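The values are calculated or read from the model by the stated rules, or taken from the named source; none is laboratory data. Source: prediction; values computed, not measured. Virtual Cβ from ideal backbone geometry, glycine too; neighbours counted across all protein chains shown. With ligands, DNA and RNA removed, areas are computed over all heavy atoms of the protein, side chains included. Shrake-Rupley method; radii C 1.70, N 1.55, O 1.52, S 1.80 Å.
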Amino acid sequence: MKKFFKGLIECKLSACAMFTAAMFLYLCFCLVYDNREVSTALLWGLFWVSVAGALIQAVCFSDWIIKKMRYTWRSLLFVLLFLPVMSLAAWKTEWFPADQTGAWGMFIGIFFLIFLVMTIGFDIYFQVTGRKYDGLIGQYRKKKEDAENNS
């Protein structure tokens, strides 16, 4: 039960982070297109996409449901599940003119660009933290070895 509540809190934090990032991105587009109004439909759409994204992220990138799967396949599964959710939300809440093919192309392009940047960011983060922990483990082993040699 403790693991469930920990996962629920992580999912909630992830949804909050996604919603904040989505709002920031939307505000940037508002500046570019000189838009000063925000529709409640758009806000609700971003909220539900953030919640769905957090749940999909929990499914794909934790051992909650999928126990063993390579990171590459998890990433692909995330894209396959999240892109349709985003597309449905974009269409239903009219994030852009749905009848324009160029708008859909830009939407999908931005989706993959953000996904690529986030994937590269996570890879860098994991490499840096991996080195940090490797260093800490090395220090621990050296101290343990020194303690054994001194006794």
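Normalised by the number of residues in the stretch 39-151, the mean separation of alpha-carbon contacts (under 8 Å, six or more apart) gives a relative contact order of 22 percent. Length gained on full extension, ASP34 to LEU76: 11.6 nm, using 0.36 nm per residue less the C-alpha separation. Consider a paramagnetic label point 7 Å from the Cα of TYR140 along Cα→Cβ; state which residues of the stretch 107-130 have an amide N under 19 Å from it. Hits in the stretch 107-130 for TYR140 at 19 Å: 126-130.
Estimated at 0.36 nm per residue, the fully extended path between PHE96 and LEU43 surpasses their Cα-Cα distance by 17.7 nm. Note on surface exposure: LEU27, LEU43, LEU80 rank LEU80, LEU27, LEU43 by accessible area, highest first, 1.4 Å probe. Per residue, the average separation of C-alpha pairs within less than 8 Å and at least 6 apart gives the stretch 1-91 a relative contact order of 31 percent.
Mind pulling the angle between the C-alpha long axis of helix 71-92 and the longest principal axis of the chain? Nearest 10 degrees, somewhere in 0 to 90. In the chain, helix 71-92 runs at an angle near 20 degrees to the longest axis. Between LYS67 and PHE112, the FRET efficiency from the beta-carbon distance, with R0 = 25 Å, is close to 0.35.
Taking only the Cα atoms of the chain, the radius of gyration and Dmax are 20.8, 77 Å.
When the helices of the chain are scored as -39500 (n - 2.57) per DSSP H run of n ≥ 4 and the total is divided over every residue, the value at 222 nm lands at -30000 deg cm²/dmol. Angle between the Cα long axis of helix 2-32 and the longest principal axis of the chain, 0 to 90 degrees, nearest 10? In the chain, helix 2-32 runs at an angle near 50 degrees to the longest axis. Ranking ASP123, ASP99 from most to least accessible surface, computed with a 1.4 Å probe over the protein chains only, gives ASP99, ASP123.
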